[in-house]
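Below is one structure, written out as structure tokens, with a few remarks after it.
A short reminder: the numbers here are calculations on the coordinates, not readings from a lab. Quick caveat, the model's predicted, so the values are computed rather than measured. Every residue, glycine as well, gets a Cβ built from its backbone with ideal geometry; the counts of neighbours run over all protein chains shown.
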Amino acid sequence: MSLTERGIVSGIELSISCGDCVRRSTPDCEDCLVSFVLGDEPEELTLSSELAGVAGLLSSQGMIPRLKFHRLRTEG
């Protein structure tokens, strides 16, 4: 049974903006999935649900860095 057959939207994307991450320009940033994919000065990464799943599988096996994004807190 596919995700869409269970009523879950299949086009969900993972969108990460490095400007919103507390770990930007830290050692964690250097070893993050976003930096691995985009290079030394990443800004934003958007992955389809399928690619996000593949990235999760590969990172869980230690084949690529894991996503270390942690959103900045906003006051309000």
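What FRET efficiency comes out for Met63 versus Asp28 if R0 is 22 angstrom and r is the Cβ-Cβ distance? Round to the nearest 0.05. Step by step, r from the Cβ atoms, then E = 0.75. Of Cys18, Cys32, the sequence from fewest to most neighbouring Cβ atoms within 10 angstrom is Cys18, Cys32.
Cβ crowding within 10 Å, taken as a proxy for footprinting-reagent exposure, orders Arg66, Arg24, Arg73 from fewest neighbours to most as Arg73, Arg66, Arg24.
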